[in-house]
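Heads up: the structure comes next, in structure tokens.
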Amino acid sequence: MDDLARVERLTDLADLLRPAAIRAAATLGVADHIAAGVHDAEELARLCKTRTEVLDSLLRYLVSLELLGRNEDGGYELRDTAGPLLTGHPSSLREALRLDGVTGRADMALVGLVHTIRTGEPAHVGLFGRGYWESLNEDSAYVEAIERASLGQLVFDAEIVSDAYDWSTVGSVVDVGGNTGAILTSLLHGHPHLKGTLVDLRSVTCVAAKNIADAGLQDRCEVVAGSFFDPLPAGRDVYLLSAILGDWDDEQAVAILRRCAEAAGEAGKVLLADVNLDVVMKGDEAARMELLLRAMMPSPVRTVEQLKRLGREAGLRVTWEGPVTPVRSLIEFSA
Ligand SMILES: C[S@@+](CC[C@H](N)C(=O)[O-])C[C@H]1O[C@@H](n2cnc3c(N)ncnc32)[C@H](O)[C@@H]1O
């Protein structure tokens, strides 16, 4: 390889325009409009609410990437490769790629990766001055995006939490950081005697309340908008923390566990259902995933021992341990 070829290769590897252009197309819904029979740049610009000449540059660039082609009249048409950009495609990537979606917003922070490498903090904090969840929840423009994301949510994790723990003696559970209610609705459906409370930040709870009502569970479940760094609804039997602590450093994780412990009191339990990436993150092959996760969250990989130590620091002791799987490791703590 000569120097010119090396420069071309590195330039191509470092290129930011290609992902930005594809994500712009996903955000604007360009593929959906073309599939609906609109082929002309001017009409596409009107539908996408964009500047015609700049949209035309985007469309011509997508032609060069072989995502779009030209018909006999010079109009734009979709190539098979662009199929997953369609909203209704069976393997649609549109929701994941659009910049006004919850994953698109998280991915944008990757351009600030150097902040994470320097400080260990999530890239989002360096780039936008505050954490991802906080900014997502404070911007009401994202409520719709949170709702769209909640429709595609997998309940696989919910089954593990629901099946691996003995809920028969539990009367009430608080899903702390329960997101849009996928796990709590599954728990309440699976265990009809249970009553639930979901605590999360404001925008997420708007969607959770709707999902819980749609599931017909509003009589057995309340939704509380608030932070788990503040006092939690007290006196319930179990405080579930599912896939929460990875987003926080040790000091913050202990603060969250303390809030759960204080609300649970002497009689209640704190049930940690953490994602156990320690089992899968091994060797050089894991580096890509590690970097991605580290850019998003400060502590993606904690061992069961480290989690137990955090619990002890929050004044809790382990009273039960469930199976350790890459999906979840369950640990029950009591005061
Ligand atoms: C990784 S998600 C986990 C969601 C869910 N528990 C699960 O297992 O799928 C983290 C959740 O924590 C919530 N969250 C972040 N900061 C919070 C805070 N300060 N107080 C309450 N919830 C918060 C987010 O809105 C999000 O729903």
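The values are calculated or read from the model by the stated rules, or taken from the named source; none is laboratory data. Bear in mind the structure is a predicted one, so any value in this text is a computation, not a measurement. Neighbour counts run over all protein chains shown; Cβ positions are idealised from the backbone, glycine included. Surface accessibility is based on the protein's heavy atoms, side chains included, excluding ligands, DNA and RNA. Shrake-Rupley method; radii C 1.70, N 1.55, O 1.52, S 1.80 Å.
Residues of the stretch 85-103 with an amide N closer than 15 Å to a point placed 7 Å from the Cα of Leu47 along the Cα-to-Cβ direction: 85-89. Restricting the stretch 259-320 to trypsin sites (Lys or Arg not before Pro) that sit in a DSSP loop and have at most 12 other Cβ atoms within 10 Å of their own Cβ leaves Lys282. Entry note, the stretch 1-94: relative contact order of 24 percent, from Cα contacts under 8 Å with a spacing of 6+ residues. The label-point distance for Leu99 and Ala234, in a model that sets each label 7 Å from Cα toward Cβ, rounds to 4.7 nm.
The helix-only estimate of mean residue ellipticity at 222 nm for the chain, built from DSSP H runs of length n ≥ 4 each weighted as -39500 (n - 2.57), is -13500 deg cm²/dmol after division by the residue total.
Scaled against the 2.2 N^0.38 Å expected of a compact globular protein of N residues, the Cα radius of gyration of the stretch 99-170 reads 1.47. The calculated FRET efficiency for Glu251 paired with Val111, based on their beta-carbon distance and R0 = 41 Å, is about 0.90.
Backbone phi angles across the stretch 320-330, fed through the Karplus curve with coefficients 6.51, -1.76 and 1.60 (θ = phi - 60°), yield HN-Hα couplings of 6, 10, x, x, 9, 10, x, 6, 8, 10, 9 Hz in residue order; Gly and Pro are listed as x.
Carbon and sulfur atoms: what percent of the 1.4 Å accessible area of the chain do they account for? Accessible surface attributable to carbon and sulfur in the chain totals 55 percent.
Rounded to the nearest 10 degrees, the inclination of helix 202-214 to the longest alpha-carbon principal axis of the chain is 80 degrees. Extension gain, Glu159-Arg317: 0.36 nm per intervening residue step, less the Cα-Cα distance, totals 54.3 nm.
Partner aspartates and glutamates whose Cα lies under 17 Å from the Cα of Lys282, excluding those fewer than 8 positions away in the same chain, are identified as Glu290.
Considering all C-alpha pairs of the chain, those separated by over 27 Å amount to 53%.
Once the chain from Gln306 to Arg70 is taken as fully extended at 0.36 nm per residue, the excess over their C-alpha distance is 79.3 nm.
Between helix 17-28 and the chain there is an angle of about 80 degrees, using the helix long axis and the longest principal axis of the Cα atoms.
Accessible area per residue for the chain is 51 Å², calculated with a 1.4 Å probe on protein heavy atoms, without ligands, DNA or RNA. Binning all Cα-Cα separations of the stretch 1-94 at 5 Å, short to long from zero, yields these whole-percent fractions: 3, 13, 23, 23, 15, 9, 7, 5, 2, 0.
Working from label points 7 Å from Cα in the Cα-to-Cβ sense, the Glu134 to His191 distance is 3.3 nm. The residues Asp107, Asp200, Asp73, sorted by heavy-atom accessible surface at 1.4 Å with ligands and nucleic acids left out, run Asp73, Asp107, Asp200 from largest to smallest. Measuring r between the beta carbons of Arg9 and Asp80 and using R0 = 30 Å, the FRET efficiency lands at 0.65. From the alpha carbon centroid of the stretch 167-193 to that of the stretch 269-308 is 24 Å.
Partners of Lys195 within straight-line reach, counting lysines whose Cα lies under 30 Å from its Cα and excluding those fewer than 8 residues away in the same chain: Lys210, Lys269, Lys308.
With contacts taken as Cα pairs under 8 Å and at least 6 residues apart, the stretch 204-266 reaches a relative contact order of 38 percent.
Normalised by the number of residues in the chain, the mean separation of alpha-carbon contacts (under 8 Å, six or more apart) gives a relative contact order of 12 percent. Evaluated at q = 0.14, 0.16, 0.18 Å⁻¹, a Debye calculation over the C-alpha positions of the stretch 128-284 (equal weights, vacuum) places log10 I(q)/I(0) at -0.70, -0.91, -1.16.
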